[in-house]
1. Taking the residues in the range 104-121 that are at pLDDT below 85 and surrounded by 11 or more Cβ atoms within 10 Å (Cβ to Cβ) as candidates, determine which candidate is nearest to G34 (Cα to Cα).
2. Name the single residue that is surrounded by the fewest Cβ atoms within 10 Å (Cβ to Cβ) among those in the range 153-170 being β-branched (V, I, T) and within 18 Å of the chain's Cα centre (by Cα).
3. Can you name every one of the strands (runs of 3 or more DSSP E) wholly within the range 31-136 that holds 3 or more residues which are within 14 Å of the chain's Cα centre (by Cα), among the small types (G, A, S) and within 16 Å of E148 (Cα to Cα)?
4. Does T104 meet the test of being closer than 26 Å to S88 by Cα and without any contact (Cβ under 8 Å) to a residue 60 or more places away in the chain?
5. In the range 47-56, is there at least one residue being open to solvent by 80 Å² or more (accessible area, probe 1.4 Å), farther than 21 Å from A170 by Cα and at pLDDT 80 or above?
6. Kindly indicate the residue of the range 140-149 that is surrounded by fewer than 18 Cβ atoms within 10 Å (Cβ to Cβ) and not hydroxyl-bearing (S, T, Y) and also modelled with the highest pLDDT among those meeting that condition.
Amino acid sequence: MDLESKYPLHGETYKNRKVKDCDCQKVILESSYGNFGPLDVTFVDDDGIPTFNQAIASVTVDLSCINCANILLDFTGILNVTTTISASGALTFTLFKTCRRQMTRQPLTTFTFFVADIFGGEMTSHTLAFKYPSRNDNCQDCCTYTLELNSISNLGPGTITYSINGTLSALVVENPC
């Protein structure tokens, strides 16, 4: 095989490709279990939307040895809802990032989960799954990612009990800048 032959799909020479294949790539996987509740929330007509700003789970990743990183944050969990009434509402979550050097809490994204339980007096379970991809080009720091429950809304009056448990994971892959 000619060392200068081209890779047909990439347009690279064999010589260049061989050097790239030998470069090391750093990968970090961190995860943490978290839970919230049970919490009884009583809804009254025209009472507004209760806000909580309660942490569900957080994970810390040390990015100090990585120059440019692709990060995938993943929360997988279970929401248990026990109702005395029919429930039809929404739970709003925010994913935050706090780095050690900056100490400024930065909101990354907001997730809304809609729940509808048409019968009262029973418990139902719902799967919660949130994914957030991110590229981090300049933060060589130790960062904590936190998923918080911000608010819960419901269309009618009554008491609903919420309980959440799950795992927040961070997969970090170093990429060339």
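The values are calculated or read from the model by the stated rules, or taken from the named source; none is laboratory data. What you see is a predicted model, and the numbers here were worked out from it, not measured in a lab. Positions of Cβ are generated from backbone atoms using ideal geometry, with glycine treated the same way; all protein chains shown enter the neighbour counts. Ligands, DNA and RNA are excluded from the accessible area calculation, which covers all protein heavy atoms including side chains. Shrake-Rupley method; radii C 1.70, N 1.55, O 1.52, S 1.80 Å.
1. Restricting to residues being at pLDDT below 85 and surrounded by 11 or more Cβ atoms within 10 Å (Cβ to Cβ), the top hit is V115.
2. Residue satisfying both the conditions and the ranking: T167.
3. Where strands (runs of 3 or more DSSP E) fall fully within the range 31-136 and carry at least 3 residues being within 14 Å of the chain's Cα centre (by Cα), among the small types (G, A, S) and within 16 Å of E148 (Cα to Cα), they are 51-62.
4. no
5. Checked the range 47-56: at least one residue is open to solvent by 80 Å² or more (accessible area, probe 1.4 Å), farther than 21 Å from A170 by Cα and at pLDDT 80 or above.
6. C142
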